[in-house]
Amino acid sequence: MAHQPSFSQDASPLGRLLGEQRISRRSMLGKLAALTLAGGSITSFVTSCASTTTSPTSPPASRTFTGSPATPPPASPTSTPSPIRTVLYTYRSHSAAVIGVAWSPEGKRIASGSADGTMQVWDATNGKHVYTYRKHAGRVNAVAWSPDGKRIASGSADKTVQVWDAANGGHVYTYRGHSDAVLGVAWSPDSTRLASGSNDGTAQVWDATNGGHVYVYRGHPGRVNAVAWSPDGKRLASGSADFTVQVWDAANGGHVYTYRGHSDAVLGVAWSPDGKRLASGGGNLDNGRGDTSAQVWDAANGGHIYSFRGHSEPVWTVAWSPDGTRLASGSADKTVQVWRAP
């Protein structure tokens, strides 16, 4: 995520950070790198961690891993080790900061949302521009491709969620239920529903087949930064500025669990591929420090399992490996860190 222009669409802490340039362009690369990892490939990987230690935490069943990244391959005796910086394509059509990116399910296209108010689609095989969607009246904070590949959703500072036809760029629906900026969007696994989290403190669910509103989840007293569906589509997780991750029943919006392990805002959430664990990333958006951990929870009973502590600034996003054995975290400290998740 690169943020540098000044915006006035909303006055959330996220908006202030973007507008006041408290986070540099380089500081947001960790977020974009983690999102790229979630799409199935890593084009740029930088790791900066402390020495490895393992110590018990409270409760006794929990463990804290301090700086245990994946071990890089040994350097050739005849060469000097250096970071790998491979860029396949650079897309330059946005006129302001790019805030969200998402791969199509088959990996052939990429969608990007920007502070310029547009959502754009690119051909990932040759770098060519495909479409530009211009219906939003404010910056686009989040984008998500439907699992069936047919539609793209975008959440904006204009308080709406919009859905687009991924084949031809046509507008499909506009969802108007939030009273403040939309910060996160997520499709259900069967592509029939759409969840959104907002600066208004609610998470909402929409019917993606007819544009109808399903229900509002009001369990958070703070803004909802991220939402994520469980792999079976039966539950939803939401991460909030109230320092909690909450899980609720996707069928009726009923509360299931509240995870209370972060000491600052929860910025990102992700279910493990088997649906048995839930990961979250946290940090203080006002001072850039605070919690800075990635944490893992038992999705069955709400119990805390692990805390991963290696980042020096907020953890914006978390993503599981396809086999569920590792967790990647992207941070404002300019690094992506990969952790073993036994």
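Filtered by the rule that a residue be outside any strand (DSSP E or B), closer than 18 Å to residue 214 by Cβ and among the hydrophobic types (A, V, I, L, M, F, W, C), region 224-277 gives 250, 251. Considered as a group, the residues in region 323-342 that are in a loop (DSSP other than H, G, I, E, B) and touching a Gly at 6+ places or on another chain (Cβ under 8 Å) include one that is nearest to residue 267 (Cα to Cα), and that residue is 332.
Among all residues of region 285-294, there is none that is under 20 Å from residue 228 (Cα atoms) and touching a residue at least 60 places away in the same chain (Cβ under 8 Å).
From 121, 140, which residue is of a type in the set (A, V, I, L, M, F, W, C), touching a Ser or Thr at 6+ places or on another chain (Cβ under 6 Å) and in contact (Cβ under 8 Å) with a residue 40 or more places away in the chain? Spell out how you get there, then give the answer.
Details: 121 fails: touching a Ser or Thr at 6+ places or on another chain (Cβ under 6 Å).
Criteria check complete, one pass: 140.
A single member of 225, 199 is closer than 24 Å to residue 304 by Cα and either among the polar types (S, T, N, Q) or over 16 Å from the mean Cα position of the chain (by Cα) (or both), and it is 225. Among all residues of region 94-104, there is at least one that is of a type outside the set (Gly, Ala, Ser), more than 25 Å from residue 235 (Cβ to Cβ), without any contact (Cβ under 8 Å) to a residue 40 or more places away in the chain and surrounded by 13 or more Cβ atoms within 10 Å (Cβ to Cβ).
If we keep just the residues of region 302-318 that are hydrophobic (A, V, I, L, M, F, W, C) and surrounded by 22 or more Cβ atoms within 10 Å (Cβ to Cβ), which is nearest to residue 278 (Cα to Cα)? Walk me through how you get there before you give the answer.
Residues of region 302-318 that are hydrophobic (A, V, I, L, M, F, W, C), as a first pass: 305, 308, 315-316, 318.
If we keep only those that are surrounded by 22 or more Cβ atoms within 10 Å (Cβ to Cβ) too, we end up with 308, 315-316, 318.
Details: 308: 13, 315: 15, 316: 15, 318: 10 Å.
Looking at the filtered set, the residue picked out is 318.
Quick one: residue 185 ticks every box in (1) surrounded by fewer than 24 Cβ atoms within 10 Å (Cβ to Cβ); (2) within 20 Å of residue 319 (Cα to Cα) bar one, so which box is it? Only one criterion in (1) surrounded by fewer than 24 Cβ atoms within 10 Å (Cβ to Cβ); (2) within 20 Å of residue 319 (Cα to Cα) is unmet by residue 185, namely (1).
Yes/no per residue for (1) small (Gly, Ala, Ser); (2) in contact with a strand residue (DSSP E or B) (Cβ under 7 Å, 6 or more places away or on another chain); (3) over 26 Å from residue 187 (Cα atoms); (4) surrounded by fewer than 20 Cβ atoms within 10 Å (Cβ to Cβ):
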{"residue": "255", "(1), (2), (3), (4)": "no, yes, no, yes"}
{"residue": "265", "(1), (2), (3), (4)": "yes, yes, no, no"}
{"residue": "269", "(1), (2), (3), (4)": "no, yes, no, no"}
{"residue": "272", "(1), (2), (3), (4)": "yes, yes, no, no"}
{"residue": "296", "(1), (2), (3), (4)": "no, yes, no, no"}
{"residue": "300", "(1), (2), (3), (4)": "yes, no, no, yes"}
{"residue": "327", "(1), (2), (3), (4)": "no, yes, no, no"}
{"residue": "336", "(1), (2), (3), (4)": "no, yes, no, no"}
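Here residue 209 clears all of (1) under 22 Å from residue 317 (Cβ atoms); (2) touching a Ser or Thr at 6+ places or on another chain (Cβ under 8 Å); (3) in a loop (DSSP other than H, G, I, E, B) except the condition numbered (1).
Answer yes or no as to whether residue 261 is closer than 23 Å to residue 203 by Cβ and not aliphatic (A, V, I, L, M).
Details: closer than 23 Å to residue 203 by Cβ: yes; not aliphatic (A, V, I, L, M): yes.
Against the criterion (closer than 23 Å to residue 203 by Cβ and not aliphatic (A, V, I, L, M)), residue 261 qualifies.
When region 164-175 is filtered for residues that are surrounded by 13 or more Cβ atoms within 10 Å (Cβ to Cβ) and either outside any loop (DSSP other than H, G, I, E, B) or not small (Gly, Ala, Ser) (or both), the ones remaining, listed by number, are 164, 165, 172, 173, 174, 175.
Where a number appears in this text, it was derived from the coordinates with a stated rule and is not lab data. For clarity, every value in this text was computed on a predicted model and none was experimentally measured. All Cβ positions, glycine included, derive from the backbone under ideal geometry; neighbour counts span all protein chains shown.
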